[in-house]
Structure formats: structure tokens, C-alpha cells
Amino acid sequence: MESLPHHEHFDRVRQDHQRELVEDYVEEIAHLHHQLGEARASDLAERFGVSPAAVSKVVGKLKRDGLVNARPYRGIFLTEEGETLAEKVAARHEVVLEVLRQFGVPEDIARADSEGIEHHCSDETVTAMKRFLKG
């Protein structure tokens with residue numbers, strides 16, 4: 001595989017950072033539904049340590065992108081597309097977390113690090129990590 005020009009690597013990292021927030025939100029909405037039976041903006045604000053206004057802004061973007069349905073004073077629900085993304089993110093997270101555990105990273109550090117690393121792994125890298133785990 002040819003190496004990307006240096007600036008293209010930075011472009012990819014910037015794109016990963018933009019996608020990271022979306023992925024964190026859909027993953028947490030799915031988690032809240034599983035854990036509490038619903039996801040509310042106040043729950044998300046508490047989980048992420050942000051204001052309800054910040055959550056509202058992100059939820060608006062998620063609605064625009066077709067990942068959630070939400071109405072004022074009602075819960076936030078993932079669309080089919082949002083569910084698919086949440087499942088993909090959760091699976092990728094588990095692979096990254098398990099690789100870090102296999103490397104001998106202490107559990108609390110592995111959990112914290114996997115939260116960031118998971119958003120920057122390509123499908124090819126995740127596939128290689130899965131091969132490593134089977135290995």
C-alpha cells in the first residue's frame with residue numbers, strides 16, 4: 001500500500017476527530033437505552049460532563065444526519081442507521097480494549113485509552129487486531 005502524503009494523514013486525523021463525537025453519542029445513546037430503557041438529553045449531559053445546550057446541539061446534528069429521532073421533552077431514539085453505527089462502534093471498542101488487555105495494559109488504563117483509540121482505527125486495522133487476538 002502506498003503511503004499517503006504527510007498532509008493527508010493529518011486530514012484523516014481531523015476527520016476522525018469530527019466523527020469521534022458522533023460515534024461517542026450514538027454509542028452512549030444505545031448504552032443508555034440498554035441500561036435505563038431510554039436516553040434523555042439530561043442523561044447525556046451528565047455522562048459527558050457538558051451542558052444540556054451542548055447536548056441539544058449535537059443531537060440536532062445527529063437528527064440532521066439521520067442517526068436519531070428526538071422530540072422536545074421526549075427521549076432520544078436511534079434510527080436504524082444510528083443502531084448500525086452504534087453496534088459497529090461498540091464492536092470496534094471491544095476489539096481495541098481486548099488488544100490493550102492482551103498487551104498487558106492495566107484494566108483502568110486500557111478502558112480509558114480504548115475510548116480514544118477506537119475512533120482512529122480503520123477497518124483494516126480492526127481486522128488485523130482481530131487476527132492478532134485469534135492468533
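The values are calculated or read from the model by the stated rules, or taken from the named source; none is laboratory data. From a predicted model like this one, the values you see are computed outputs, not experimental measurements. Cβ atoms come from the backbone with ideal geometry, glycine included; neighbour counts cover every protein chain shown. Only protein heavy atoms, including side chains, enter the accessible area calculation; ligands, DNA and RNA are left aside. Shrake-Rupley method; radii C 1.70, N 1.55, O 1.52, S 1.80 Å.
The figures follow:
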quantity	calculated
Enumeration of residues in the stretch 39-75 that are of a type in the set (S, T, N, Q) and closer than 14 Å to L21 by Cα	S56
Count of residues meeting criterion [over 18 Å from the mean Cα position of the chain (by Cα) and among the polar types (S, T, N, Q)] in the stretch 96-135	1
Per-region count, the stretch 17-32, residues open to solvent by less than 50 Å² (accessible area, probe 1.4 Å) and of a type outside the set (A, V, I, L, M)	6
Residue within the stretch 122-135 that is touching a residue at least 24 places away in the same chain (Cβ under 8 Å) and closer than 25 Å to G37 by Cα present	no
Tally of residues being of a type outside the set (G, A, S), closer than 25 Å to P52 by Cβ and without any contact (Cβ under 8 Å) to a residue 60 or more places away in the chain across the stretch 67-114	13
Restricting the stretch 49-89 to residues that are within 20 Å of G116 (Cβ to Cβ) and touching a helix residue (DSSP H, G or I) at 6+ places or on another chain (Cβ under 6 Å), the residue that is most open to solvent (accessible area, probe 1.4 Å)	L85
